[in-house]
Every structure is written in structure tokens, then in C-alpha cells.
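Presented below is the structure to which this report refers.
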Amino acid sequence: MPFTRILTVAASFAKDPDTVFAEAIDFDAMVEATEGLATYKGLPSGSFEQGETYETYVTVWGWMHNPHYRIHVERLDPAERLMLSREQGRAIQQWDHTLTVEPAPEGCIWTDRIIINSGLLTPYMVRVARHLYTYRHRNRDALEITAWITKP
């Protein structure tokens, strides 16, 4: 796995962790948070569900197209405020996303940890992902956002 990178994005919110997690797993909230940057065609309304696979047509910046992008929700645990999805499509061979929301003194911390492998495109795709996730958190009124990229 010489091309694999790990993106971690942590965002703090002045909100209840259960409320933030409910928003994190809601399709409409995700689409709204990326408005102006990305579009998702074909996603249902409601929330992600464990064991389900969703297919969408993702477009980033109006020109980066990813038809038949698949999101498989391997684990979703509202009590633990954790979701693990395995995603792939077009240039994305691996996009393993672990989403957690943990209580913090001023509200909560939402952490996205994404293992990304896009072959030779990995350096570019991991930066696109960093921009996408920080953009979403800004639109959700995060108090603070930090993001870093590491090798496994």
C-alpha cells in the first residue's frame, strides 16, 4: 500500500454530541453542508443505516465527476456515536471512513478518519478530501477545525 494516506479531520462544536451525531448521519444535512462545493445525486432522504449500501453520483467543483460512487455502512452505532463506512468509485480504490462524535467540555468533537488509496492520484485525492471535510465543518459552524495527513 505505498500510495495509501490517512486523513484525520477534527472539529469542535458547541452542541450536544447526540445532536451532532444525528446531523452527521443525515443525508440532507451532509448535502446541505457541501452545497457550493459538491453535489450528490441519487441519495435518499433520512439517515444512513448499518448494513446498507448507497450509490450516488458525486460531482466536486462542477467538473470532478464520480458516477457510481458506493458507500457501504459497515457499522453504525448511535449509542457510541460511531459510523464506519467503506467507499469506492472511479479513481477511489479505498476510502474507509470512521466518523466519531465525542463529548468535550464545551460541547463535542467530531472526528473523521479516512484511509484513502487512489493509486497515483492519492496525493491529489487526499487534499481534495481535506478541503471537502473542512468545508463541511465550516458550513456546520465548527468552532475549530484541524486536519492532518499521515502515512499508515
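Residues in the stretch 25-55 that are over 18 Å from Val101 (Cα atoms), not charged (D, E, K, R) and not in a strand (DSSP E or B): Val31, Thr34, Gly36, Leu37, Gly42, Leu43, Pro44, Ser45, Gly46, Gly51.
In this entry, Gln88 passes the filter for residues that are surrounded by 18 or more Cβ atoms within 10 Å (Cβ to Cβ), polar (S, T, N, Q) and under 19 Å from Val126 (Cα atoms).
Among the conditions (1) surrounded by 15 or more Cβ atoms within 10 Å (Cβ to Cβ); (2) in contact with a Ser or Thr (Cβ under 9 Å, 6 or more places away or on another chain); (3) charged (D, E, K, R), the only one that Arg75 does not satisfy is (1).
In the stretch 104-152, the residue that is farthest from the chain's Cα centre (by Cα) out of those that are within 20 Å of Asn66 (Cα to Cα) and among the charged types (D, E, K, R) is Arg127. Residues in the stretch 1-24 that are open to solvent by 20 Å² or more (accessible area, probe 1.4 Å) and in a loop (DSSP other than H, G, I, E, B): Met1, Pro2, Phe3, Ala14, Lys15, Asp16.
Could you check the stretch 119-134 and list, in sequence order, the residues that are in contact with a strand residue (DSSP E or B) (Cβ under 7 Å, 6 or more places away or on another chain) and either over 15 Å from Thr150 (Cα atoms) or open to solvent by 10 Å² or more (accessible area, probe 1.4 Å) (or both)? Within the stretch 119-134, Gly119, Met125, Val128, Arg130, Leu132, Tyr133, Thr134 meet the criteria.
Looking only at the stretch 73-114, filter to residues that are out of contact with any Gly (no Cβ under 9 Å at 6 or more places or on another chain) and assigned to a loop (DSSP other than H, G, I, E, B); which one of those is farthest from Ser12 (Cα to Cα)? Here the residue is Arg90. Scanning the stretch 137-148 for residues that are within 15 Å of Val101 (Cα to Cα), in contact with a helix residue (DSSP H, G or I) (Cβ under 7 Å, 6 or more places away or on another chain) and either hydrophobic (A, V, I, L, M, F, W, C) or assigned to a helix (DSSP H, G or I) (or both) yields a single hit, Ile145. Being more than 18 Å from Arg140 (Cα to Cα), in contact with a strand residue (DSSP E or B) (Cβ under 7 Å, 6 or more places away or on another chain) and aromatic (Phe, Trp, Tyr), is that true of even one residue in the stretch 31-47? No, there is no match, as no residue in the stretch 31-47 is more than 18 Å from Arg140 (Cα to Cα), in contact with a strand residue (DSSP E or B) (Cβ under 7 Å, 6 or more places away or on another chain) and aromatic (Phe, Trp, Tyr).
The values are calculated or read from the model by the stated rules, or taken from the named source; none is laboratory data. Remember, it's a predicted structure, so these values are computed and weren't measured experimentally. A quick note on method: Cβ atoms are made from the backbone with ideal geometry, for glycine too, and the neighbour counts reach across all protein chains shown. Heavy atoms of the whole protein, side chains included, go into the accessibility calculation; ligands, DNA and RNA do not. Shrake-Rupley method; radii C 1.70, N 1.55, O 1.52, S 1.80 Å.
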